[in-house]
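The values are calculated or read from the model by the stated rules, or taken from the named source; none is laboratory data. None of these values were measured; they are calculated from a predicted model. Methodologically, a virtual Cβ is constructed for each residue, glycine included, from the backbone with ideal geometry; neighbour enumeration extends over all protein chains shown.
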Amino acid sequence: MKLVDIYSPEPTTFTLNFLYWMLKERDPVANISHRSMPTGEEHAAFVNSKPYEAWYIIEGSFYEDTPLGNCYLTRQNEIGVHIIRSAQGQGYGRLAIKELMMMHGPRRYLANIAPANMHSQSLFIRMGFRPIQMTFELDTR
């Protein structure tokens, strides 16, 4: 398993398409950042704006360059990880998180996880993360 920087040199068409496909595949229970699905153009603009400190495609498995998911580190040290459904439960998320933290060195890492995403919560707790807050929302639009 390896992490491939999507920002270096620039996100490729393949990368943009893969990330968009992953966003469409994502279980709504796991999503805390999108109220509705963006268009392909909106998603490409978001990726190209380099919104995170670092963003990686997770590669590995049968062939070294097989994309299995993506992970990122925000400028607030929040880790996000998403593994494709067919590769979930095989340890790739844990390996990717460990590799990301090794690459970025000692610091206080955070993970914002949707309350209903029990698998992700369990993963981060097993890795030594602990709950520190609950965030509530009221959208009156």
Of the residues in the range 112-129, those that are part of a loop (DSSP other than H, G, I, E, B) and modelled with pLDDT under 95 come to Asn112, Ile113, Ala114, Pro115, Ala116, Asn117
Single match in Thr140, Thr66, Thr74, Thr135 (criterion: of a type in the set (Val, Ile, Thr), within 25 Å of Trp21 (Cα to Cα) and at pLDDT below 90):
Thr66
Answer yes or no as to whether Gly105 is at pLDDT 95 or above, exposed (fewer than 14 other Cβ atoms within 10 Å of the Cβ) and out of contact with any Gly (no Cβ under 8 Å at 6 or more places or on another chain).
yes
Residue check, Ile132 in a loop (DSSP other than H, G, I, E, B), among the β-branched types (Val, Ile, Thr) and surrounded by 16 or more Cβ atoms within 10 Å (Cβ to Cβ)
no
What tally of residues in the range 59-99 results from selecting those that are closer than 16 Å to His119 by Cβ and assigned to a loop (DSSP other than H, G, I, E, B)?
5
Could you figure out which of (1) in a helix (DSSP H, G or I); (2) modelled with pLDDT of 95 or more isn't true of Leu23?
(2)
Tell me, yes or no, whether the range 118-128 has at least one residue that is surrounded by 11 or more Cβ atoms within 10 Å (Cβ to Cβ), out of contact with any helix residue (DSSP H, G or I) (no Cβ under 7 Å at 6 or more places or on another chain) and closer than 25 Å to Ser8 by Cβ.
no
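Take Tyr56 and tell me if it is in a loop (DSSP other than H, G, I, E, B), modelled with pLDDT of 95 or more and in contact with a strand residue (DSSP E or B) (Cβ under 7 Å, 6 or more places away or on another chain).
Working: in a loop (DSSP other than H, G, I, E, B): no; modelled with pLDDT of 95 or more: yes; in contact with a strand residue (DSSP E or B) (Cβ under 7 Å, 6 or more places away or on another chain): yes.
No; evaluated as a whole, the condition is false for this residue.
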